[in-house]
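Colleague: The following block contains the structure, expressed as C-alpha cells.
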C-alpha cells in the first residue's frame, strides 16, 4: 500500500469514481491541514479534548468533535472569506443536534444560519442568527425562499436513498457563486496491513452495509460525490481525503487521539446499530447478534492486532456566477 500522505487536495472539475478511490492513500503517522484556505475555526474550551474522548451526551456531538480534531477545528474547508459572510444565508443539511450550525453562527454573527433535519432540533443555547426547521432533504423542492451562499452537510453517508437528488437540490438553492460542501466518511473500512481481513470487526461492518442497502441506503455512495457534483453543474470542485483510525494505533498523536474518539463512538453505537439493522432488518437470531457485537468489540480495542481505519472525503464545489 502506498504510504504517502493523505492530506492532499485534488483540484479538478471532474474526478471519476475510480480516480477518487485511488486517492485513498494513508500514512498512519501524518495528518496535516496547513495551507488550505478556509473560513472559520472553533475555539476549543479548556479540557474539551478530554471531554470528547470520554464521551459526549450524544453521538452527533461526539462525531462533531472528531471532525473538529480532524480538520484542526475548522468548520468548513471551502475557500470563502469573512467578506463573504455579511448578510449572507448559510444552510446546514441534516443538522442533527445543531452543534455545527450553532458554532458557525457564534463564530460569524454577521451570517444567517439555518439548520434542518427530519426530527426536531432545538439547542438549549443558540445565537440569534440561527434557526432550525423540520425538513426531509429528499423531499424536494426545499421550501426556502432565500438563496444560500454556502450549504453544508456532514456524515450523510446513511441518510439518503439518492445523494444525487440532494446535491442537485442544493445547487438550485444556492445563489450564483455559492458553495456546497459535504464532509463525510467512506465505506467500507480498510487497513494499512491486511489486519482487518477476517476479523469480527469487519464482519460487523460488512453486515451493516448489507442491511442498509436492503432498505435502500447505499452507504458506499460517498465515493460518488465528486461525479455527482459534476452532474449537478458545480465547478471548481475540490476533494480532500483524510482518515479516522479505528483505535489508538497510529504513531502520530493527533491521529491516535482521533482513533481513541472514533473507537469510543463505535463502542457506544454498536449495540443500537445491531438492534436496528441486524435484528429488525436482517432478522438475525439474538445470540448471533450478541456474539458478533461482543467479538467485534474485542477487535475494536485490540490495537496490537488490528490497524484499521475509516477513510474520509470532503468535497466542495461552486455554482457558476
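Colleague: Name the pairs whose Cβ atoms lie under 7 Å apart, with the first residue in the stretch 236-257 and free of Cβ contacts under 8 Å to residues at least 24 places away in the same chain, the second part of a loop (DSSP other than H, G, I, E, B), and 6 or more positions between them or separate chains?
Modeller: Note: pairs meeting the criteria are 256/248; 256/250.
Colleague: Please determine whether any residue of the stretch 150-167 is crowded, with 17+ Cβ neighbours inside 10 Å and free of Cβ contacts under 8 Å to residues at least 60 places away in the same chain.
Modeller: Within the stretch 150-167, not a single residue is crowded, with 17+ Cβ neighbours inside 10 Å and free of Cβ contacts under 8 Å to residues at least 60 places away in the same chain.
Colleague: Quick test of your reading of the structure: residue 213 fulfils all but one of (1) free of Cβ contacts under 8 Å to residues at least 12 places away in the same chain; (2) assigned to a strand (DSSP E or B). Name the failing condition by number.
Modeller: Answer for residue 213: the failing condition is (2).
Colleague: Taking only pairs six or more apart or across chains, which ones have beta-carbon atoms under 7 Å, a first residue in the stretch 169-193 that is on the phi > 0 side of the Ramachandran plot and surrounded by fewer than 21 Cβ atoms within 10 Å (Cβ to Cβ), and a second residue that is at pLDDT 95 or above and assigned to a strand (DSSP E or B)?
Modeller: Going by the 7 Å Cβ cut-off, the qualifying pairs are 177/318.
Colleague: Still on this structure: Scan the stretch 148-186 residue by residue and report those that are assigned to a loop (DSSP other than H, G, I, E, B) and touching a strand residue (DSSP E or B) at 6+ places or on another chain (Cβ under 8 Å).
Modeller: Passing the criteria: 155, 156, 157, 186.
Colleague: Moving to a separate point now. Would you mind stating whether residue 288 is modelled with pLDDT of 95 or more, closer than 19 Å to residue 198 by Cα, surrounded by fewer than 18 Cβ atoms within 10 Å (Cβ to Cβ) and in contact with a helix residue (DSSP H, G or I) (Cβ under 7 Å, 6 or more places away or on another chain)?
Modeller: Spelling it out, it is not the case that residue 288 is modelled with pLDDT of 95 or more, closer than 19 Å to residue 198 by Cα, surrounded by fewer than 18 Cβ atoms within 10 Å (Cβ to Cβ) and in contact with a helix residue (DSSP H, G or I) (Cβ under 7 Å, 6 or more places away or on another chain).
Colleague: In addition: For the stretch 57-101, name all the residues that are more than 17 Å from the chain's Cα centre (by Cα) and either modelled with pLDDT of 95 or more or farther than 17 Å from residue 316 by Cβ (or both).
Modeller: Within the stretch 57-101, 57, 82, 83, 86, 87, 89, 90 meet the criteria.
Colleague: For residues in the stretch 102-113 being surrounded by 22 or more Cβ atoms within 10 Å (Cβ to Cβ) and without any contact (Cβ under 8 Å) to a residue 40 or more places away in the chain, which is farthest from residue 86 (Cα to Cα)?
Modeller: The residue in question is 102.
Colleague: Condition first: in contact with a strand residue (DSSP E or B) (Cβ under 9 Å, 6 or more places away or on another chain), touching a residue at least 60 places away in the same chain (Cβ under 8 Å) and buried (at least 17 other Cβ atoms within 10 Å of the Cβ). Can you find one or more residues in the stretch 134-147 that meet it?
Modeller: No, every residue in the stretch 134-147 fails to be in contact with a strand residue (DSSP E or B) (Cβ under 9 Å, 6 or more places away or on another chain), touching a residue at least 60 places away in the same chain (Cβ under 8 Å) and buried (at least 17 other Cβ atoms within 10 Å of the Cβ).
The values are calculated or read from the model by the stated rules, or taken from the named source; none is laboratory data. All values derive from a computational prediction rather than experimental measurement. Neighbour counts are summed over all protein chains in view; Cβ atoms, including those assigned to glycine, are modelled from backbone coordinates with ideal geometry.
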